[in-house]
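Participant: Got a structure here, written out as structure tokens. Questions coming.
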Amino acid sequence: MTENSFPMPDFSVADPSATSGIVMQSVCKTFQNKKILDELDFVINRGETVVIVGRSGEGKSVLLKHIVKLLTPDSGKVWIDGQEMTAMGHGDLYELRKRFGMLFQGAALFDSMTICENVGLGLLEHFNMTDAEINDRACECLAMVGLSGVENKLPSELSGGMKKRAGLARAIAMKPEYILYDEPTTGLDPITADAINDLILKLQDELNVTSIVVTHDMESAFKIGDRIAMLSGGKIIHSEKISTIRETSHPAVRQFINGSASGPLSVF
Ligand SMILES: Nc1ncnc2c1ncn2[C@@H]1O[C@H](COP(=O)(O)OP(=O)(O)O)[C@@H](O)[C@H]1O
Ligand SMILES: [Mg+2]
């Protein structure tokens, strides 16, 4: 069976305005004549952790950016808890963004700001808090990710793993309901990567967040995810719960998960 002959899942939702969680509805995005998202439908339920996998350049980061409207679709809609985010003006969008944390690929810390200032940035922008309150919350979040004592350092003074953890502290500072992680463990040694996985699990437990995690790290995916969804050709071609996906009957997903060069996905 080829990738194309496997039945496409149907993620369309009858009434997104009455659906909690995230609904992506027929989302299209083209860059320089290249269609990256192609009428993509997908649903992320509240409280779950969905891992999105796919080959490099398939559009995983682009998909995440649509969820927080850092990118807007050419057509299609994105709904958050029944509110159409794609139709929102600045005021509503500003309010909605407070409920999201995002760990960017590469952490995206500001070089000229201290770690404490980086972590407190969202609080400064979105909340009416004093400097002392912001400082306290930033320290609290840094402690949660095991980074006490680096508050006054600059990002350039931290290792890659520490920068990721600082990025994570920033993502959780606003006590978000949703956290988007873009390759949280990529480029880290296995021990630091596992510490990040444990942190993500702890956040799920303690803050009951809904998480969307983009990763190539299958060990991480199996440890933290409730289900895995695969992006290919601009659509989510398959979604399956973690407990059965190792034995999945979907050929392309099985190939990807097993990291095999032979299968329906071509190597070059
Ligand atoms: N802002 C942008 N402008 C132009 N092209 C972009 C932009 N963002 C992403 N792309 C292109 O979209 C494609 C998918 O990118 P990306 O989502 O980063 O892939 P990945 O699945 O590796 O995260 C790539 O070809 C990339 O060059
Ligand atoms: Mg990416």
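The values are calculated or read from the model by the stated rules, or taken from the named source; none is laboratory data. Note that the structure is a prediction, hence the values are computed from the model and not measured. Here Cβ is always computed from backbone atoms with ideal geometry, including for glycine, and neighbour counts include all displayed protein chains.
Participant: How many residues does segment 120-142 contain that are assigned to a helix (DSSP H, G or I), exposed (fewer than 13 other Cβ atoms within 10 Å of the Cβ) and modelled with pLDDT of 90 or more?
Facilitator: So the answer is 2.
Participant: Among Leu123, Leu168, which is among the hydrophobic types (A, V, I, L, M, F, W, C) and touching a Pro at 6+ places or on another chain (Cβ under 8 Å)?
Facilitator: Numbers: Leu123 fails: touching a Pro at 6+ places or on another chain (Cβ under 8 Å).
None of the others qualify; the one that does is Leu168.
Participant: What's the number of the condition Ile237 fails, among (1) within 17 Å of the chain's Cα centre (by Cα); (2) β-branched (Val, Ile, Thr); (3) closer than 27 Å to Lys34 by Cβ?
Facilitator: Evaluating Ile237 over (1) within 17 Å of the chain's Cα centre (by Cα); (2) β-branched (Val, Ile, Thr); (3) closer than 27 Å to Lys34 by Cβ leaves (1) as the failure.
Participant: Within the bounds of segment 79-101, is there any residue that is touching a helix residue (DSSP H, G or I) at 6+ places or on another chain (Cβ under 6 Å) and farther than 18 Å from Thr210 by Cα?
Facilitator: For segment 79-101, residues touching a helix residue (DSSP H, G or I) at 6+ places or on another chain (Cβ under 6 Å) and farther than 18 Å from Thr210 by Cα: absent.
Participant: Among the residues of segment 185-219, write down those that are in contact with a strand residue (DSSP E or B) (Cβ under 9 Å, 6 or more places away or on another chain) and either within 15 Å of ligand 1 (Cβ to nearest atom) or under 30 Å from Cys28 (Cβ atoms) (or both).
Facilitator: Answer for segment 185-219, where residues must be in contact with a strand residue (DSSP E or B) (Cβ under 9 Å, 6 or more places away or on another chain) and either within 15 Å of ligand 1 (Cβ to nearest atom) or under 30 Å from Cys28 (Cβ atoms) (or both): Val209, Thr210, Ser211, Ile212, Val213, Val214, Thr215, His216, Met218.
Residue by residue, here is whether (1) free of Cβ contacts under 8 Å to residues at least 24 places away in the same chain; (2) surrounded by 22 or more Cβ atoms within 10 Å (Cβ to Cβ); (3) part of a helix (DSSP H, G or I) holds:
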{"position": "Tyr181", "(1), (2), (3)": "no, yes, no"}
{"position": "Ala193", "(1), (2), (3)": "no, no, yes"}
{"position": "Leu199", "(1), (2), (3)": "no, no, yes"}
{"position": "Asp205", "(1), (2), (3)": "yes, no, yes"}
{"position": "Val213", "(1), (2), (3)": "no, yes, no"}
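Participant: Taking segment 58-108 only, how many residues are over 12 Å from the mean Cα position of the chain (by Cα), hydroxyl-bearing (Ser, Thr, Tyr) and either within 13 Å of ligand 1 (Cβ to nearest atom) or part of a loop (DSSP other than H, G, I, E, B) (or both)? Spell out how you get there, then give the answer.
Facilitator: Narrowing segment 58-108 to residues over 12 Å from the mean Cα position of the chain (by Cα): 58-59, 69-99, 106-108.
Adding the requirement that they be hydroxyl-bearing (Ser, Thr, Tyr) leaves 72, 75, 86, 94.
In the following step, the residues that additionally are either within 13 Å of ligand 1 (Cβ to nearest atom) or part of a loop (DSSP other than H, G, I, E, B) (or both) were identified as 72.
Looking only at that region, the number is 1.
Participant: Then there is this: Pick from segment 15-57 the residues that are among the hydroxyl-bearing types (Ser, Thr, Tyr) and away from ligand 1 (no atom under 12 Å from the Cβ): which of them is nearest to Arg246 (Cα to Cα)? Walk me through it before giving the result.
Facilitator: At the first step, the residues of segment 15-57 found to be among the hydroxyl-bearing types (Ser, Thr, Tyr) are 17, 19-20, 26, 30, 49, 56.
Applying the additional criterion that residues be away from ligand 1 (no atom under 12 Å from the Cβ) yields 17, 19-20, 26, 49.
Details: Ser17: 34, Thr19: 30, Ser20: 29, Ser26: 29, Thr49: 17 Å.
Ranking the candidates gives Thr49 first.
Participant: With the structure loaded, tell me whether Leu188 is within 16 Å of ligand 2 (Cβ to nearest atom) and over 30 Å from Leu40 (Cα atoms) or whether it fails that test.
Facilitator: Numbers: within 16 Å of ligand 2 (Cβ to nearest atom): yes; over 30 Å from Leu40 (Cα atoms): yes.
Against the criterion (within 16 Å of ligand 2 (Cβ to nearest atom) and over 30 Å from Leu40 (Cα atoms)), Leu188 qualifies.
Participant: If you don't mind, another one. Restricting segment 211-243 to residues that are of a type in the set (S, T, N, Q) and touching a helix residue (DSSP H, G or I) at 6+ places or on another chain (Cβ under 7 Å), which is nearest to ligand 2 (Cβ to nearest atom)? Outline the logic, then answer.
Facilitator: Step one: filter segment 211-243 for residues of a type in the set (S, T, N, Q), giving 211, 215, 220, 232, 239, 243.
Now narrow it down to the ones that are touching a helix residue (DSSP H, G or I) at 6+ places or on another chain (Cβ under 7 Å): 211, 215, 220, 232.
Numbers: Ser211: 16, Thr215: 10, Ser220: 15, Ser232: 14 Å.
Top of the filtered list is Thr215.
Participant: Six or more apart or on different chains, Cβ under 7 Å: which pairs go from a residue in segment 96-119 that's under 25 Å from Ala132 (Cβ atoms) and surrounded by 22 or more Cβ atoms within 10 Å (Cβ to Cβ) to one that's at pLDDT 90 or above and among the polar types (S, T, N, Q)? Could you list them?
Facilitator: The qualifying pairs are Leu109/Asn118.
Participant: So which residues in segment 234-247 are surrounded by fewer than 17 Cβ atoms within 10 Å (Cβ to Cβ) and not charged (D, E, K, R), if there are any at all? Don't jump to the end; show me each part of the working.
Facilitator: So in segment 234-247, the residues surrounded by fewer than 17 Cβ atoms within 10 Å (Cβ to Cβ) come out as 241-244, 246-247.
Passing the criteria: Ile242, Ser243, Thr244.
Participant: Can you pull out the residues in segment 26-80 that are in contact with a strand residue (DSSP E or B) (Cβ under 8 Å, 6 or more places away or on another chain), more than 13 Å from ligand 2 (Cβ to nearest atom) and of a type in the set (D, E, K, R)?
Facilitator: Lys29, Lys35, Asp38, Glu39, Asp41, Arg46, Glu48, Lys69, Asp74, Lys77
Participant: Among the residues of segment 116-128, which ones are of a type outside the set (Phe, Trp, Tyr) and either touching a Ser or Thr at 6+ places or on another chain (Cβ under 6 Å) or more than 25 Å from Thr215 (Cα to Cα) (or both)? Lay out the reasoning, then the answer.
Facilitator: Just the residues of segment 116-128 that are of a type outside the set (Phe, Trp, Tyr), to begin with: 116-126, 128.
Hits for segment 116-128 are Cys116, Glu117, Gly120, Leu121, Leu123, Leu124, Glu125, His126, Asn128.
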